[in-house]
Amino acid sequence: MKIGVDLDDVLADTWNETRKFLNRRFGKNLTNKDFNDFGLAKTYGVSNDEVRKAFADAFNNGLYLNAKLIKGAVSGIGRLEDGNELYIITSRPRYIEGDTYSWVEKNFPSKFKEVRFSSHTTDLKEDTEKETKAEICKELGVLLMIDDNLDNLEECARAGVKGIVLDLDGNYNWNHREREPDGVERAFSWKEIVKIAQS
Ligand SMILES: [Mg+2]
């Protein structure tokens, strides 16, 4: 089976570092509990432009190149690669592509057939001309998508692609909802992701 895997906060632990960076930048001390969706500008009370600039500065500081791994991701991918074809599908903007390839090659050498860059679904509205994750899944023949963004997974599910939403240790407040969309299952760890994917 072909499986799509999101990068940020599924393989790479980028959000914790990004949040610290944004907190310093905007003089706040927000914790995960303060983020109920992906609307960062709204949560920080600043403009989209200021958030975009902050992300560019975080990039220049090597945040993406030096991102740590999400707990259990390496062994989880090691198990999923058996009998499956794996693709990274990320909505990172174009300027992070180079650092992304370097990071993936360093941390997951030869594990993924391809890295694909989709459009961005948050209020930052970057790269809107690119394909959505659902469109990329259909094009590649991906049947299962693993992501921490429920909006992406809901769109994938509508296109017939099953989803697993990662909610690491129950701390991913931004994807907490009353109930999952049809065709999407919740996992609290990489161990659970592998179990659902193999069931
Ligand atoms: Mg993500």
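Quick rundown of the values:
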| quantity | calculated |
| --- | --- |
| Any hit, region 57-73, residues being within 14 Å of the ligand (Cβ to nearest atom), of a type outside the set (A, V, I, L, M) and either over 20 Å from the mean Cα position of the chain (by Cα) or crowded, with 17+ Cβ neighbours inside 10 Å (or both) | yes |
| Residue that is surrounded by the fewest Cβ atoms within 10 Å (Cβ to Cβ) [pool: residues in region 154-186 that are out of contact with any strand residue (DSSP E or B) (no Cβ under 6 Å at 6 or more places or on another chain), assigned to a helix (DSSP H, G or I) and of a type outside the set (S, T, N, Q)] | ASP169 |
| Single unsatisfied condition, ASP99 versus (1) more than 15 Å from the ligand (Cβ to nearest atom); (2) in a loop (DSSP other than H, G, I, E, B) | (2) |
| Single residue of region 23-50 satisfying the filter (within 16 Å of the ligand (Cβ to nearest atom) and part of a helix (DSSP H, G or I)) that is modelled with the highest pLDDT | LEU40 |
| Options GLY27, GLY39, GLY45; residue that is within 16 Å of the chain's Cα centre (by Cα), among the small types (Gly, Ala, Ser) and outside the structural domain of LEU166 (by TED's automatic domain parsing) | GLY39 |
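The values are calculated or read from the model by the stated rules, or taken from the named source; none is laboratory data. Because the structure is predicted, anything quoted here is derived from the model rather than measured. We place every Cβ from the backbone using ideal geometry, glycine too, and count neighbours over all the protein chains shown.
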